[in-house]
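J.: Mind having a look at this structure? Questions to follow.
The values are calculated or read from the model by the stated rules, or taken from the named source; none is laboratory data. Quick caveat, the model's predicted, so the values are computed rather than measured. Reconstructed Cβ throughout: ideal geometry from the backbone, glycine too, with neighbour counts over all protein chains shown. What goes into the accessible areas is simple: the full protein's heavy atoms, side chains included, and nothing from ligands, DNA or RNA. Shrake-Rupley method; radii C 1.70, N 1.55, O 1.52, S 1.80 Å.
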Amino acid sequence: MKTAVPCYYHLDVEVGPQRVDQVGRILAAHLRFWSLDNLVDPVRRGAEVLLRAIDEHATDKQTSIEMWWNGQHLITAVGQNDRNLRPDLELRPCLTHIAAHSDGWGWCDTGAGRIIWFTRRARSGERVPLVPVGPDPLVTEALDLPRETEPVPALRGCAPPEVAVAVHESVVTR
């Protein structure tokens, strides 16, 4: 069995009109590096829509962008530091776009501002970076040979030690 390599990327940026396209190219480059070419367009569009909305409505332009790839889902999160920016008012058009083009999305308040995130799932048949995983040990490899042990003190007197050893050996040899 092979599993995907988990990946993480973090970028802090001050949002401006010229930086939105640049950030989109940076995110696309990382997705291509992770061999997730099919997720480049939706993730880039979603991040650019969020960054443009933050540039237009937020007073604090400092933004953090993070991407996590776990082998099945790519989570992209954009965090902004403006507590006055309200997702239900100023960001409604951009959140509508993200909801329509992602598998899941949401937002949460932090002490400094808000984080808006969205996910994209890798579809079956898509190229996923794989790493080999060592085989699981066989049952016979995991069993140790029985050792000579003394009966547990609470069980002394319940059965002779020969009977307890015989039962233990018959279970192990199956």
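J.: What are the pairs, 6+ residues apart or on separate chains, where a residue within region 20-39 that is over 14 Å from Glu66 (Cα atoms) has its Cβ under 8 Å from a residue that is open to solvent by less than 70 Å² (accessible area, probe 1.4 Å) and of a type in the set (Phe, Trp, Tyr)?
T.: If the second residue must be open to solvent by less than 70 Å² (accessible area, probe 1.4 Å) and of a type in the set (Phe, Trp, Tyr), the pairs left are Trp34/Trp69; Leu36/Trp69.
J.: Across region 1-30, what is the total count of residues that are closer than 17 Å to Phe118 by Cα and at pLDDT below 90?
T.: 1
J.: Then there's this: Would you call Leu39 more than 15 Å from Arg120 (Cα to Cα), assigned to a helix (DSSP H, G or I) and open to solvent by less than 20 Å² (accessible area, probe 1.4 Å)? Let's see the steps before the verdict.
T.: Values: more than 15 Å from Arg120 (Cα to Cα): no; assigned to a helix (DSSP H, G or I): yes; open to solvent by less than 20 Å² (accessible area, probe 1.4 Å): yes.
When the stated conditions are applied, Leu39 does not pass them.
J.: Before we move on, is Phe33 open to solvent by less than 10 Å² (accessible area, probe 1.4 Å) and either basic (Lys, Arg) or at pLDDT 90 or above (or both)?
T.: On the way: open to solvent by less than 10 Å² (accessible area, probe 1.4 Å): no; either basic (Lys, Arg) or at pLDDT 90 or above (or both): yes.
In short, no.
J.: Quick check on region 54-67. Is at least one of its residues at pLDDT below 90, among the small types (Gly, Ala, Ser) and over 22 Å from Ala100 (Cβ atoms)?
T.: Yes.
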